[in-house]
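Chemist: The structure's right below; bear with me while I get my questions together.
The values are calculated or read from the model by the stated rules, or taken from the named source; none is laboratory data. This one's a predicted model, so the numbers in the text were calculated from it and none came from an experiment. Neighbour counts are summed over all protein chains in view; Cβ atoms, including those assigned to glycine, are modelled from backbone coordinates with ideal geometry. Accessible surface is based on the protein model in full, side chains and every heavy atom, while ligands, DNA and RNA are left aside. Shrake-Rupley method; radii C 1.70, N 1.55, O 1.52, S 1.80 Å.
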Amino acid sequence: MLRKHSHLSLITLGLCATVISFNLSAHGKHGHEHQQSDAMRKASEGIFEDNNVIDRALSDWDGVWQSINPYLLKGDLDPVLINKSKKNKDKTVEEYREYYKKGYATDINMIGIENNTIDFHTAESVSSCQYTYSGFKIMHYDSGKKGVRYLFECKDVNSKSPKYVQFSDHIIEPQKSHHFHIYMSNESQEKLLKEMDNWPTFYPISLDKDDIIHEMSHH
């Protein structure tokens, strides 16, 4: 218990420093401008060779992250939905809104990751657990594109955090994440891999509404 409270204190005390760090990258260079090789760009679009996928450490997701679900529900992301509807012509704006409402749905408003420990913040409580790496799974989608989920497990039976979590961020090799989708379950990794409809999405806590719209519009 002491370790848990100590870790949470570190997350809280380190928040300002983390925000400053993220601000430097967020406002000095937007996410779509990060230098990428052609292979990395294609991988982010779901095109890659299976043998190019590499194990990653949880530290790739270190930082303090905010759910973008509240922005969607307030209508702040409407410019993104309108742009997607015009560009793809496969869904109306309202259809995209319903799609993302289901995808982004979560009661977790903030996630802190440090020293292989994940803190899940809701309006009512904070849960914490140290996670161990369980490998990755290459996903094959109906569209013909592919993705990778990186799997982690909480083995502390007393923790109220999700037992199984999976990260997907359009990256297939060790590299710091700029945003991520997270899948969570207490059942099994295998069952969680079948989850395709709910993928809570998190961006650095330093980003405001306009920053997030900018990031989403260029991915």
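Chemist: Calculate what fraction, in whole %, of the accessible area of region 86-193 sits on carbon and sulfur atoms when a 1.4 Å probe is rolled over the protein chains.
Modeler: Solvent-exposed carbon and sulfur of region 86-193 make up 48 percent of the total.
Chemist: Past 25 Å, Cα to Cα: identify those pairs from 102/163; 89/176; 74/102, in the order given.
Modeler: 89/176
Chemist: When a/c is below 1.5 the answer is rounded, else prolate if a/b is larger than b/c, else oblate, so apply that to region 39-218 with a ≥ b ≥ c taken from the square roots of the Cα gyration tensor eigenvalues.
Modeler: Cα axes put region 39-218 in the oblate bin.
Chemist: Also, quick follow-up: Loop-only check: which trypsin sites (Lys or Arg not before Pro) in region 174-219 are DSSP coil with at most 16 other Cβ within 10 angstrom?
Modeler: Passing sites in region 174-219 are 176, 194.
Chemist: Between residue 190 and residue 87, how high is the FRET efficiency from 1/(1 + (r/R0)^6) when r is the Cβ-Cβ distance and R₀ = 35 Å? Nearest 0.05.
Modeler: Approximately 0.50, to the nearest 0.05.
Chemist: Using amide H atoms built in the peptide plane, which far-off residues or other-chain residues are under 5 Å from residue 129 H to H?
Modeler: HN-HN under 5 Å from residue 129: 118.
Chemist: As an exercise, identify the GluC sites (Glu not before Pro) in region 133-211 lying in DSSP coil whose Cβ has no more than 15 other Cβ atoms within 10 Å.
Modeler: 187, 195
Chemist: Sticking with this one: Grab the Cα-Cα distance for residue 141 and residue 74, subtract it from 0.36 nm times how many residues apart they are, and report the gain in nm with one decimal.
Modeler: Net length gain for the segment: 21.1 nm.
Chemist: Evaluate E = 1/(1 + (r/R0)^6) for residue 127 and residue 208, where r is the Cβ-Cβ distance and R0 equals 30 Å; express this FRET efficiency to the nearest 0.05.
Modeler: The pair residue 127/residue 208 has a calculated efficiency of 0.65.
Chemist: Would you please name the GluC sites (Glu not before Pro) within region 95-139 that are DSSP coil residues with at most 15 other C-beta atoms within 10 Å of their C-beta?
Modeler: Here the GluC sites (Glu not before Pro) that fit, given the DSSP loop and packing criteria, are 124.
Chemist: Could you work out the relative contact order of region 39-218? I mean the mean sequence separation of Cα pairs under 8 Å and 6+ apart, divided by the number of residues, in percent.
Modeler: The normalised contact order for region 39-218 reaches 26 percent.
Chemist: Putting +1 on Lys and Arg Cβ atoms and -1 on Asp and Glu Cβ atoms, find which of 157, 217, 192 reaches farthest to the positive end of the dipole of region 151-219.
Modeler: Among 157, 217, 192, the one farthest towards the positive end of the dipole of region 151-219 is 157.
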